[in-house]
1. Of the numbered conditions (1) touching a helix residue (DSSP H, G or I) at 6+ places or on another chain (Cβ under 6 Å); (2) closer than 18 Å to N747 by Cα, L679 fails exactly one; give the number of that condition.
2. Output the number of residues of segment 387-399 satisfying the condition of being open to solvent by less than 30 Å² (accessible area, probe 1.4 Å) and part of a strand (DSSP E or B).
3. Which members of segment 700-727 meet the condition of being open to solvent by less than 30 Å² (accessible area, probe 1.4 Å) and closer than 14 Å to F774 by Cβ?
4. Looking at (1) surrounded by 18 or more Cβ atoms within 10 Å (Cβ to Cβ); (2) at negative phi; (3) at pLDDT below 85, which is the only condition N669 fails?
5. Mind checking which residues of segment 338-363 are farther than 18 Å from S410 by Cβ and assigned to a loop (DSSP other than H, G, I, E, B)?
6. Considering only segment 45-63, I want to know if a residue exists there that is open to solvent by 30 Å² or more (accessible area, probe 1.4 Å), polar (S, T, N, Q) and closer than 22 Å to K543 by Cα.
7. I'd like to check something: does segment 528-537 contain any residue that is in a strand (DSSP E or B), at pLDDT 85 or above and under 27 Å from E362 (Cβ atoms)?
8. Looking only at segment 342-361, filter to residues that are polar (S, T, N, Q) and farther than 29 Å from W272 by Cβ; which one of those is surrounded by the fewest Cβ atoms within 10 Å (Cβ to Cβ)?
Amino acid sequence: MKKLLLLFVSTTFCFSILSAQYSLSGKIVDDTGTGLEFANVLLHASADSSFVKGAITELDGSFTFDAVTAGSYYIQASQVGLQTQTYSDILISSTDVALEPITLTAGLALEEVVVTTTRPLIELKADKVIVNVEGSSVSVGNNALEVLERSPGVTVDQDNNISLKGKQGVLITIDGKNQYISNEQLSRMLESMPADAIASIEIIQNPSAKYDAAGNAGVINIKLKKKENLGTNGSLTLGAGHGRYAKANSGINLNHRTEQMNLYGSYNNRYWKGFQDININRSVPTATGLSFFENQSDMINISRSHNAKVGLDYYLSDRTTFGVLGRTNFGRFNGTNDNITQIAGVNQQNFDKSRTLLESEETWTQIAANINLAHEISDQSSINVDVDYSIYDNPNHAMYDNFFYLSDGSQAMADLLLDNTSDVNVDILATKLDYNTQIGDISIETGAKYSYVTTDNNTEFMEYQNTEWVSDPTLSNEFTYDESIIAGYLNGSTIIGKVNLQAGLRMEHTISDGYSPTMDQQVKKEYTNLFPSMSISHPIGEKSNLSYTYSRRIDRPTYRNLNPFIYFLDQFTFMKGNPFLSPQMSNAFGVNYSLGRSLFVSANYSHTTDAMTEILDQNDETQQTFQTVVNLDDFRNYSLNVTAPIVVGQNWTTRWSLTGFYNDFSSANSEIDVQSDQLSYHINVSNDISINDKLKAEVGAFYQSALTYGIFEIKPRYSVDLGASYKVMEGKGSLKLSVKDIFWTNNNDVLIDHESIDLRTRNVRESRRAQLTFNYNFGNQKVKKARNRSTAMSDEENRVGRSN
């Protein structure tokens, strides 16, 4: 109750500071009289020219200063590419003041002036938060996963699990398309995707019924860059970086548009060499005392990845467009791991020290194709049809060389040499139909979707015995999984007076069959669920808006989490799947308040049953500890987010995002007994400093407090990043320099103290590094962009599993 009271008091405080005695308002326009959004407006005192406060204009160019005391003031208004204007002799005495429009004109007298503006790093909309990656110099050299980690309310743990406001189970889409791959494979894909290929990230916490019901924490949509111009145009990116090891990336984006068709494509590649050091200390009880295990893993990983897509939109008529889209993601991952385990205390083993040398090679190939048709039946009705097919192949080969020693360094027992070959194959077929129409004042969206997924997983272990390799049936396995989902939805929205109403209902019928012939295990399931959603929004005064949201969501197990295969770190530490996992269901409620572009506050509550949660289990007899996923009875999440841009000076804008969340886990089933809760917070700060028209600096930082997730107690961590960008080649090119995690503090420290498990781990990665990137735009820069297609495959591609 105290924690709920804290959230309430914090929200009340945010509202209480908004009252003002006098207000000063106005509008910033261009020389055509059109309002300019994102212009900086600074208020100064006339007496000493001291800075009073600043504001950022709204979509229509309007701005308002509240809580202004009586006195004489002047205003400076500016925007990149335009001349700064001053509005003097503003006298405030006893009433609110509304100014005449302030006009900003082009800063250069050229025959043709092209004015470009920079969108803020974080935009706040009624239904989502947008992170504009494209203009950020701090994001240079990062990958998509690292950009997500620095987004408001988003955290990424040591296993690359993505959480939104303290909740895992986020649906990740790319250009509106579900990826149908597991968290592990998704993280590999995001790690191989350079930030230079990303335009923006959309964070949607309570999606409507139009979206797949997957993602109990919400939806994060990554929008890739697309050229917005007609004719032929493109952009080229070259980058290089260094931490402990060198990295490089490059990419090209092309677009050719005529009145009849639009042909577009892109290619990006990335070379990455990095390290990861993991230290695990654990104690295991025995009948006569404790055994202590100290494990040190030193990993070096090299990945080479490639992402490509090509698409064609053909305009059959003014109302009908036919499109095809193909994309691929492929690469190779080579890893080595020198793993040393030392045993102290009560030793039940035949050795005091073990060493495991691992060499692995993994390749992955994903090929996806989409055919789509969009037709405008009338000015108020349209229909869209998508058919998708995707294949995914992920072979892996690993060698485990195990050596055993006594305390004096002599050999304790025979070496154990293991050879592991595994493969994961996933085929996905998905189709969807969407229909939009207008009936009176009501907008109607309805549609249907069908998806069929089949996965085939094989792993074989062989042991070297007497000069030959012999198959080990106790470790080898095969697992197949088939799943089909039939879905339909109906969503309606209307405006009554000043109140916006939206309500929808989605139905999904699921049939699944998981089978392991090796273990003679089969799990069949069939279930139907309804997923209602609704939202209500209305203005409060001229600048404020209040909205209320509700949605019911589902998260199905990833294909890898269902797979009972075992994946080793060493013979005492491994992970395995759980074929008996059930889907988790969530009910989420939200209240959002916005004050123009100056403040955004959201409060959310969700209740999840059968919460899928990673845990550690331990066999005290064999002294083995392994990670798996189980269903917990109950998970409740309360969160409060406050985001605000603050104009510090004429060329300096800072944006703060503070998220507080309270996680409460409760479970007393036969699998595990868990009672854990904690109040945590996450702070994200970005500073944009325009030194001149060509040079811009950026400083970003985040801090994550200690948090609890299930049985995992995660220690605080933080990071500070620096960046700068400089325009070259008459504005067609840019150089961007970034230094990430300059104090090398973004490390993961985790504690587990549950039942007989006492474990502490520290995970250090190559998070500190520098990156230099060159970008060049070429061709005609005045053409409309290609259609942003949202295909039928979304959720399924988020659930495929990889082998390592």
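The values are calculated or read from the model by the stated rules, or taken from the named source; none is laboratory data. Predicted, not measured: the structure shown is a model, and the values here were computed from it. With ideal geometry, Cβ positions are generated from the backbone for all residues, glycine too; neighbour counts draw on all protein chains shown. Only protein heavy atoms, including side chains, enter the accessible area calculation; ligands, DNA and RNA are left aside. Shrake-Rupley method; radii C 1.70, N 1.55, O 1.52, S 1.80 Å.
1. Going through (1) touching a helix residue (DSSP H, G or I) at 6+ places or on another chain (Cβ under 6 Å); (2) closer than 18 Å to N747 by Cα one by one, L679 breaks only (2).
2. The qualifying residues number 5.
3. S725
4. With respect to (1) surrounded by 18 or more Cβ atoms within 10 Å (Cβ to Cβ); (2) at negative phi; (3) at pLDDT below 85, N669 is out only on (1).
5. Hits for segment 338-363 are V346, Q348.
6. No, segment 45-63 contains no residue that is open to solvent by 30 Å² or more (accessible area, probe 1.4 Å), polar (S, T, N, Q) and closer than 22 Å to K543 by Cα.
7. Within segment 528-537 (the criterion being in a strand (DSSP E or B), at pLDDT 85 or above and under 27 Å from E362 (Cβ atoms)), the answer is no, since none of the residues qualifies.
8. The residue in question is N350.
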